[in-house]
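FYI, it's all coordinate maths here, none of it is from the lab. Because the structure is a prediction, the values reported are computed rather than measured. So basically every Cβ, Gly included, is an ideal-geometry build from the backbone, and we count neighbours across all protein chains shown.
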Amino acid sequence: MKNIAVIGAGTMGNGIAHTFAQCDYNVQLIDVSEASLKRGMDTIAKNLDRMVAKEKITIAEKEKTLSNITTFTSIKEGVKYASLVIEAATENVALKTQIFKELDEVCAEDTVLATNTSSISITQIGAATKRADKVIGMHFMNPVPIMQLVEIIRGYNTSDEVTNFIVDLSQKIGKIPVEVNDYPGFVANRILMPMINESIETLYNGVAGVSEIDTVMKLGMAHPMGPLQLADFIGLDVCLSILHVMYEGFKNPKYAPCPLLVNMVRAGKLGVKSGEGFYDYSENKKAEIVSKMFV
């Protein structure tokens, strides 16, 4: 089982492709956009260059990793020989469902279908296919090549065989798999997103400023990154999407997104990816300058 297809060449997709390719798997990286594929491959090359500079890998290992990745704009062509397909598209249930319907039609009967969703029901996604027993969640953490955790989420119909296979595979690529049950937000985001949302509420209500909130959490709670900086890093649109999924799933007001988060996303202030969120990233990506909206 050496052929892995990854759908989506964005931040998570290219990180997943990088990780498997570095572990000597043949990776088919798929995206509808040639430009996205180029950006994804450029990102992988830059990240490998950093590893070479830090003497974690050799130049030969970098070149071998890149040679293990082939790009495609067609799902049908890209998954032709894949034993496992990992979907890492935008966190949108309609999009993911459509992708899984297509995968179910074009993949071999024994191909396992995984999703990197951070909050959407695996059971719901699996129900869009005729192979719900072979549909599972693999929620990688960002940045994928560095972060060790993978949340393994089995849907109501996911088989023990597929679960054990994915747990074993995660260990083979140097990750630590943790099995969790299929409820909105799983574990990571069920705990993380309310904290981020409450941090935004704290700012919204004028209790403290951006840098003050982040400093309290870094120095007082030993977090390596403050919650507002982390929200910028994740993407405010992604945070909002996850909170919507959790609110719809639980109907509990504690998961309702803060109005400030909603307005920032509407205004296109998405964090690092857009150049501005709670911090201004126009000069550097280190979250040193608070956005003028909050000064």
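Considering amide H positions built from the backbone, and no H for Pro or chain starts, which residues 5 or more places from residue 280, or on another chain, come under 5 Å of its amide H?
Under 5 Å from the amide H of residue 280 lie the amide H atoms of 289, 290, 291, each far enough along the sequence or on another chain.
Calculate one ³J(HN,Hα) per residue across the range 284-290 by plugging θ = phi - 60° into the Karplus curve 6.51 cos²θ - 1.76 cosθ + 1.60, and present them in order as whole Hz with x for glycine and proline.
In residue order, the calculated couplings are 7, 9, 9, 6, 9, 10, 5 Hz.
Residue by residue through the range 9-15, which ³J(HN,Hα) values in whole Hz follow from phi under the Karplus form 6.51 cos²θ - 1.76 cosθ + 1.60 (θ = phi - 60°), with glycine and proline marked x?
Once θ is set to phi - 60°, the couplings for the range 9-15 become 9, x, 3, 6, x, 5, x Hz.
Loop only per DSSP, at most 13 neighbouring Cβ atoms within 10 Å: give me the GluC sites (Glu not before Pro) in the range 217-295, ordered by residue number. Walk me through the intermediate numbers first.
Values: sites: 248, 276, 283, 288; in loops: 283, 288.
Counting only loop positions with at most 13 other Cβ atoms within 10 Å, the GluC sites (Glu not before Pro) in the range 217-295 are 283, 288.
Please report how many Lys pairs in the range 189-294 have alpha carbons closer than 21 angstrom, counting only residues at least 8 apart along the chain or sitting on separate chains. Before the final figure, lay out each step's value.
On the way: 218/285; 218/286; 269/285; 269/286; 269/292; 273/285; 273/286; 273/292.
So the count of such lysine pairs works out to 8.
Calculate how many DSSP beta bridges within the chain are antiparallel, expressed in % of all such bridges and rounded to the nearest 5.
Numbers: 9 of 35 bridges.
Percent antiparallel among DSSP bridges in the chain is about 25.
Which distance in Å, rounded to a whole number, links the C-alpha centroids of the range 1-44 and the range 210-239?
Value for the Cα centre distance between the two parts: 28 Å.
Grab the Cα-Cα distance for residue 286 and residue 130, subtract it from 0.36 nm times how many residues apart they are, and report the gain in nm with one decimal.
Values: separation 156, 0.36 × 156 = 56.16 nm, distance 4.56 nm.
Full-extension gain reported as 51.6 nm.
Once you compute Rg and the Kirkwood Rh from C-alpha atoms, what is the Rg to Rh ratio for the chain? Provide the component values of the computation, followed by the final result.
Working: Rg = 19.3 Å, Rh = 19.9 Å.
On the Cα set of the chain, Rg over Rh gives 0.97.
At what distance in nm do the modelled label points of residue 149 and residue 173 sit from each other, each positioned 7 Å from its Cα along Cα→Cβ?
Rounded to a tenth, the inter-label distance reads 1.8 nm.
In Å and whole numbers, how far do the C-alpha atoms of the range 58-215 stretch along each principal axis, longest first?
Projected onto its principal axes, the Cα set of the range 58-215 covers 55, 44, 30 Å.
Roughly what angle does helix 160-172 make with the longest principal axis of the chain, taking Cα atoms, 0 to 90 degrees, to the nearest 10?
70
If you take every residue apart from residue 110 with its C-beta less than 10 Å away from the C-beta of residue 110, what net charge results, scoring Lys and Arg +1 and Asp and Glu -1? Could the numbers behind the result be given before it?
Values: positive: 131, 134; negative: 109.
Local charge sum for residue 110: +1.
Take 278, 233 and order them by how many other Cβ atoms sit within 10 Å, fewest up front.
Listing 278, 233 from fewest to most nearby Cβ atoms yields 233, 278.
What trypsin sites (Lys or Arg not before Pro) does the range 212-284 have in DSSP loop regions with at most 15 other beta carbons within 10 Å? List each step's numbers first, then the result.
On the way: sites: 218, 251, 254, 266, 269, 273; in loops: 251, 269.
Counting only loop positions with at most 15 other Cβ atoms within 10 Å, the trypsin sites (Lys or Arg not before Pro) in the range 212-284 are 251.
Of 274, 177, 257, whose Cα points farthest to the positive end of the dipole of the chain (charges on the beta-carbon: +1 Lys, Arg; -1 Asp, Glu; origin at the Cα centre)?
After comparing all options, I get 274.
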